[in-house]
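Undergrad: Sharing a structure here in structure tokens format.
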Protein chains: 2
Amino acid sequence: MTEKDDFSLQDFLPFLLNRAAEESSLAFQAHYKNRYGMLRNEWRVLFHLGIFGQMTAKEIGERAKIHKTKISRAVAKLAARRFVSRSRDEKDRRSEHLRLTPAGEAAYRDLRSQAQTYDAQLAQRFTPQEVALLRHMLRQLAGIEAPRSHDAEHRGDG
Amino acid sequence: MTEKDDFSLQDFLPFLLNRAAEESSLAFQAHYKNRYGMLRNEWRVLFHLGIFGQMTAKEIGERAKIHKTKISRAVAKLAARRFVSRSRDEKDRRSEHLRLTPAGEAAYRDLRSQAQTYDAQLAQRFTPQEVALLRHMLRQLAGIEAPRSHDAEHRGDG
DNA sequence: TCTTGTTAGTTACAAAATCAACTATTAATT
DNA sequence: AATTAATAGTTGATTTTGTAACTAACAAGA
């Protein structure tokens, strides 16, 4: 099983990113799955509501780039478990405002603390500067952060 | 929709890694999907065989950390499309050796070139040093590379 | 040889993701 | 006002994944 071609799959960014994402999600996944029977999209919705207090399904979808059907199903499950409450917007009765119930808040706080611990654990493998750069590059690749355009910056019109 | 909690989901590494992985996979995915009707695990298997020439399903699974059922199905599809050929190992008739057919080789070369172009495009957003560090950290997080003990490396020379 | 255990790979069934079509409501156009 | 288009969210059909059980082949020990 020796290489006959020098292309390195293990250096191909999309592959590498996927592997790193999968691997680094495992431990946290175990937590929300075992402790709360939650799915990936469920904790994501939970976290958004925990962080922002009140949002519509649409706003969550836009911010997390999760498709509306996933949001819909995640919200349905969270609502069934009384982790979120829903209330219609009286100005626009198509959309509804979501927020955490006390039980949802409790679950959020628990998972958030897990997340913080786990994140710190992952970050510990590198220096603070490296981690900062890593997050920056990942935000960049994720399309969360605008590319820092070297050209524009040097032209002085940014 | 203003933050009421200072936890940043967008900095949480598992979330960030997933988003970056998804986003950075889109363009390449479009390629193997549209052009060859392939699935993620199929191009991964194809690439492994393209790079290593001949492997068993087990070897591919170990190297790429893909579960054996995924490999099995990916190989079945690739074999049905005459992209890979299978031959039993006569010493151990449980396992079989997989290799690309000429058609598979052609598909591999096409996709490999796409991958190279695309990877370069992604890398272009950063300096070469940054990209090298990024890959290193991702390999680290993916469990491909052993952690380097920074105590040793960072203690002496800044 | 005859268990017993292990391994390579497949298959079956359940869980989840994807995509399209749908309802209800609001906005825009005539 | 009536018609058409757009939007928020849900539902259903299909595809893909995940998990467990399975078959076939080998291995080791009694």
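Undergrad: Does segment B:52-106 hold any residues that are closer than 24 Å to A:Glu23 by Cβ and β-branched (Val, Ile, Thr), and which are they?
TA: Once the filter is applied, which keeps residues that are closer than 24 Å to A:Glu23 by Cβ and β-branched (Val, Ile, Thr), segment B:52-106 yields B:Thr56, B:Ile60, B:Ile66, B:Thr69, B:Ile71, B:Val75.
Undergrad: While we're here: Can you pull out every residue in segment A:92-102 that is in a strand (DSSP E or B) and within 7 Å of DNA strand D (Cβ to nearest atom)?
TA: Within segment A:92-102, A:Glu96 is the sole residue that qualifies.
Undergrad: Mind listing whichever residues of segment B:124-138 are under 18 Å from A:Asn18 (Cα atoms) and more than 7 Å from chain A (Cβ to nearest Cβ)?
TA: Listed by number, the residues that qualify are B:Val131, B:Ala132, B:His136.
Undergrad: From B:Arg99, B:Arg94, which residue is touching a Ser or Thr at 6+ places or on another chain (Cβ under 7 Å) and more than 16 Å from A:Leu13 (Cα to Cα)?
TA: B:Arg99
Undergrad: If I go through segment A:123-132 residue by residue, how many of them are surrounded by fewer than 16 Cβ atoms within 10 Å (Cβ to Cβ), of a type outside the set (Lys, Arg) and touching a helix residue (DSSP H, G or I) at 6+ places or on another chain (Cβ under 7 Å)?
TA: Residues meeting the conditions: 1.
Undergrad: I'm trying to understand the selection: among the residues of segment A:110-122, which are more than 7 Å from chain B (Cβ to nearest Cβ) and surrounded by 14 or more Cβ atoms within 10 Å (Cβ to Cβ)?
TA: Result: A:Asp110, A:Leu111, A:Gln114, A:Tyr118.
Undergrad: Quick check, is A:Ala30 away from DNA strand C (no atom under 16 Å from the Cβ) and either surrounded by fewer than 16 Cβ atoms within 10 Å (Cβ to Cβ) or at positive phi (or both)?
TA: No, not satisfied.
Undergrad: Specify which of the listed residues (A:Arg135, A:Arg93, A:Arg35) is surrounded by fewer than 17 Cβ atoms within 10 Å (Cβ to Cβ) and without any contact (Cβ under 8 Å) to a residue 60 or more places away in the chain.
TA: A:Arg93
Read-outs throughout are calculated quantities, based only on the coordinates presented, and are distinct from any laboratory measurement. Every value quoted in this text rests on a predicted model; they were computed, and no experiment measured them. So basically every Cβ, Gly included, is an ideal-geometry build from the backbone, and we count neighbours across all protein chains shown.
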